[in-house]
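The values are calculated or read from the model by the stated rules, or taken from the named source; none is laboratory data. All values derive from a computational prediction rather than experimental measurement. For neighbour counting, all protein chains shown are included, and Cβ atoms are generated from backbone atoms with ideal geometry for every residue, glycine included.
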Ligand code: ANZ
């Protein structure tokens, strides 16, 4: 009987779907185990073989855990809002919902045919109103919360309002905007409602503020820092500029320290933790105020080195600093303004990256040194970033390279506070060593003490305090896009109001055009039915909007809705919790569901999400924890980043002299340009199918070819697998030709999960023929009830041991070779025993589930799935050698060997050896003086 994989795989996929084999229950006595994949964005191109790598690994683990008796939650869904669908809509007029649904169909078909054990009954789609109802709900919870630093957690905004009305904000220790004024209870109670709302926005965990954003004119939207690579948009490579806009922001900075601390409690890859740590960027130092001469104004600076204060010979402000306009003298005005205008064109990243180009302008103003009272010139320079620290620095040219370069360039004095002292790293580390000179009361103090003393003296002056600064910024949460979650927000007199949760979801309105409006409003500005009626609690036509705030006009309770939508990370920041109870319409999830599933035990996905999704999701989880919705502060105990599967691109070489395509071996010194061609046009010997190439792209239709030995040999290069390089391999083709089980095994066989590795379709034949051998081993067996031999058992048990260890260590590639060895051995042993073949099928089943199901059925288990059978238990006894080739020596000289059971006693061994004919030959009738037996080792006959 043939191994007909196409038939077998279709049969079992149907069986699993019909029987809901992988449906997880929320109510069971079994221990839970939650295995999660990062859900895909369903792009128009479908999956290539690089995409399922992580999914196969997590599927093996999920299946293994089921065999181990766990109740496994292994869901899948779609991150289905996003820019590509919207851009396609702009180009073609197709509604993004339609293209998204089509793409999802393709994804589902592709995922199904790989045989994943997903519980599809729990599927979520972030663009489904039933799902984003809860994204909107979380937004409202954030709006209605503030961060209490004393309690070190988020709390209900009502507690803050109560405090304001009884005590004002003097004693409130909250994370809030820098410019929050102080007020008493009577001030608060006298404020108008609008004034109160404005103040509360300074405390809410999501708030509206004028923020400097990364504006991408080509995409017509704001981008997050992690969406910008080398100063241009990650998607499309368009220029990005800085611009001030009123935007929703998330006060993630309130969680900076907890996001750092939490990293110690989770088993995530160190490089990922490092990038989150750097992104959060904690620095300890001081804030120091420099007073401006002849003025009431002061400029605070953030410094990590307050001990160097006597070396500060000038100050530098970011060109965007709010005081620049006020302090610049009339003589310097023109120069300063020109410089400010020039820097507005440069992105922050460019400014940070470009350390060599020194530029700046003198404001004409002077500050006063806090201790020496000497005048200090105030400059502006674009190496100082507006959004970090206070946007101003005390410049210490002998301590900081950028300050030094600046001082040199503009000929500013460079006082030496390190004169004659050791400033090596060791000196810093040494508690006793002095590293500062020419610094008044700091002279003679070791580094740490100098820092403390400087802060102490500044505090005495009322001009400084110790401060911890984080590089992390609040996250801008508004996008000028159509295809995203609408905000549950309307505006009354310019102030944002939340729609009550019971009226959610607020569904995306229809629009004529997906582009920004002519007046520069986001695409939702094109919607004509996009106003909130507070009487009917419904979205109504814009025509109904009342003229609130206009004197003499009655406010009819209909108000404009928010025009921005939420960013891509909104929908992915709590999806892991929603899977626990995905159809709940009354709550994001029930208490029962979250109490049972708690958190993700294993999360697998790409490392590119380190400072985006994985940071935001941790933030929202901590918030949900503070507000009592979840019981775990970290959502995923363990995380693995799968490596990238690279493609093997194929290249032809165009001779620039005459346009001929030159076979690789004949290039020599010719001036050629390599061109990518589709890898499907090339066979495993790197020979190009010339006729197919001519049909593939019109450019090649009339090409002339220079061949070697009758063939065109292409060049090969390993690159990222991407449509752009025509090196994508479609899993559909592999599944049709070799089957899903071969694909699964091969993806694992390629190498360690976390490493990047090249794809080479030719290599799949190895695992494919292994599966055929496995099949044969079962099909050739007839008398299944034969007792297993010790060798059979040994082969089986060493396989159980290895495979179990491998899965536990996520070392899936090594299991595949173990299976190969096992099947070779059992084939050689002509094993037919059910007691061996049954457990082997279970071992194989997480990796190659279809064939395992089929073999299980063939072994007589009708209409049951192997996926629920207990994992075989390793028994060490079978690995023990049962016999040993004893060397038999005469007077210390080894003469022959004989096999003896290891169970024999000393006496039994002696008897057996003495009875051997070779012993008799050696002794020739003599009686030995002594027979020395060392069980398990040797026998020596003396005399
Ligand atoms: C004086 C000084 C002396 C500094 C010295 C360094 C060395 P991190 O570790 O990144 O927090 N700085 C502060 N705000 C800045 C801004 N907005 N743009 C650019 N640079 C800024 O670094 C903090 C240090 O970077 C601060 O300490 C300040 O320079 C500078 F020997 O102050 B320092």
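Quick test for you: out of 287, 348, 320, pick the one residue that is at pLDDT 95 or above, buried (at least 17 other Cβ atoms within 10 Å of the Cβ) and within 38 Å of the chain's Cα centre (by Cα). Among 287, 348, 320, only 287 is at pLDDT 95 or above, buried (at least 17 other Cβ atoms within 10 Å of the Cβ) and within 38 Å of the chain's Cα centre (by Cα). What about residue 544, is it under 25 Å from residue 252 (Cβ atoms) and over 25 Å from the mean Cα position of the chain (by Cα)? No: the conditions fail for residue 544. Restricting the range 323-345 to residues that are surrounded by 12 or more Cβ atoms within 10 Å (Cβ to Cβ) and free of Cβ contacts under 8 Å to residues at least 24 places away in the same chain leaves a set whose member that is farthest from residue 227 (Cα to Cα) is 333.
The single residue among 252, 309 that is in contact with a strand residue (DSSP E or B) (Cβ under 8 Å, 6 or more places away or on another chain), outside the structural domain of residue 618 (by TED's automatic domain parsing) and near the ligand (Cβ under 10 Å from one of its atoms) turns out to be 309.
Every condition in (1) surrounded by fewer than 19 Cβ atoms within 10 Å (Cβ to Cβ); (2) touching a residue at least 12 places away in the same chain (Cβ under 8 Å); (3) not in a strand (DSSP E or B) is met by residue 669 except one, and the failing one is (2). Checked against (1) buried (at least 19 other Cβ atoms within 10 Å of the Cβ); (2) over 21 Å from residue 881 (Cβ atoms); (3) modelled with pLDDT of 95 or more, residue 795 passes all but condition (2). If you go through the range 312-328 and pick out every residue that is away from the ligand (no atom under 16 Å from the Cβ) and touching a helix residue (DSSP H, G or I) at 6+ places or on another chain (Cβ under 9 Å), you end up with 2.
Evaluate the following for residue 55: is it at pLDDT 95 or above and in contact with a helix residue (DSSP H, G or I) (Cβ under 6 Å, 6 or more places away or on another chain)? Answer is no for this residue. If you check residue 13 against the conditions, is it out of contact with any strand residue (DSSP E or B) (no Cβ under 9 Å at 6 or more places or on another chain), closer than 23 Å to residue 840 by Cα and at pLDDT 95 or above? Spelling it out, residue 13 is indeed out of contact with any strand residue (DSSP E or B) (no Cβ under 9 Å at 6 or more places or on another chain), closer than 23 Å to residue 840 by Cα and at pLDDT 95 or above.
Residues in the range 263-306 that are within 10 Å of the ligand (Cβ to nearest atom), under 19 Å from residue 395 (Cα atoms) and touching a helix residue (DSSP H, G or I) at 6+ places or on another chain (Cβ under 7 Å): 285, 286, 288, 306.
For the range 906-920, a residue qualifies if it is without any contact (Cβ under 8 Å) to a residue 12 or more places away in the chain and either out of contact with any strand residue (DSSP E or B) (no Cβ under 9 Å at 6 or more places or on another chain) or within 14 Å of residue 940 (Cα to Cα) (or both), and the qualifying residues are 907, 911, 915, 917, 920. Filtered by the rule that a residue be more than 9 Å from the ligand (Cβ to nearest atom) and touching a helix residue (DSSP H, G or I) at 6+ places or on another chain (Cβ under 7 Å), the range 398-413 gives no residues.
Comparison of 647, 643 shows that the only residue that is part of a loop (DSSP other than H, G, I, E, B) and touching a residue at least 12 places away in the same chain (Cβ under 8 Å) is 643. Is one or more of the residues making up the range 234-244 touching a strand residue (DSSP E or B) at 6+ places or on another chain (Cβ under 9 Å), under 22 Å from residue 478 (Cα atoms) and assigned to a helix (DSSP H, G or I)? The answer is no; no qualifying residue exists. Against the test of being more than 27 Å from residue 572 (Cβ to Cβ) and surrounded by fewer than 19 Cβ atoms within 10 Å (Cβ to Cβ), the options 460, 467 yield a single qualifying residue, 460.
Can you name the residue in the range 921-943 that is part of a strand (DSSP E or B) and in contact (Cβ under 8 Å) with a residue 40 or more places away in the chain and is also surrounded by the most Cβ atoms within 10 Å (Cβ to Cβ) among such residues? My answer is 939. Of all residues in the range 129-157, those satisfying the criterion of being more than 15 Å from residue 501 (Cβ to Cβ) and without any contact (Cβ under 8 Å) to a residue 60 or more places away in the chain are 146, 148, 149, 150, 151. Take the residues in the range 141-156 that are touching a helix residue (DSSP H, G or I) at 6+ places or on another chain (Cβ under 7 Å) and not in a loop (DSSP other than H, G, I, E, B); name whichever of them is surrounded by the fewest Cβ atoms within 10 Å (Cβ to Cβ). If we take residues in the range 141-156 being touching a helix residue (DSSP H, G or I) at 6+ places or on another chain (Cβ under 7 Å) and not in a loop (DSSP other than H, G, I, E, B), then 153 is surrounded by the fewest Cβ atoms within 10 Å (Cβ to Cβ). Examine the range 161-173 for a residue that is crowded, with 18+ Cβ neighbours inside 10 Å and touching a strand residue (DSSP E or B) at 6+ places or on another chain (Cβ under 9 Å), and state whether such a residue exists. Yes, that holds for at least one residue. The lone criterion from (1) touching a residue at least 40 places away in the same chain (Cβ under 8 Å); (2) away from the ligand (no atom under 13 Å from the Cβ); (3) in a helix (DSSP H, G or I) left unmet by residue 260 is number (1). Just one of the numbered conditions (1) within 8 Å of the ligand (Cβ to nearest atom); (2) in contact with a helix residue (DSSP H, G or I) (Cβ under 6 Å, 6 or more places away or on another chain) is not true of residue 389: (2).
Given the criteria farther than 30 Å from residue 772 by Cβ and either surrounded by 14 or more Cβ atoms within 10 Å (Cβ to Cβ) or without any contact (Cβ under 8 Å) to a residue 40 or more places away in the chain (or both), does residue 708 qualify? No, not satisfied. Where strands (runs of 3 or more DSSP E) fall wholly inside the range 392-499, the ranges with 1 or more residues that are farther than 24 Å from residue 175 by Cβ, touching a residue at least 40 places away in the same chain (Cβ under 8 Å) and touching a strand residue (DSSP E or B) at 6+ places or on another chain (Cβ under 7 Å) are 392-395, 489-492. Do we have residue 362 as within 13 Å of the ligand (Cβ to nearest atom) and either in contact with a strand residue (DSSP E or B) (Cβ under 7 Å, 6 or more places away or on another chain) or in the same structural domain as residue 402 (by TED's automatic domain parsing) (or both) here? No, not satisfied.
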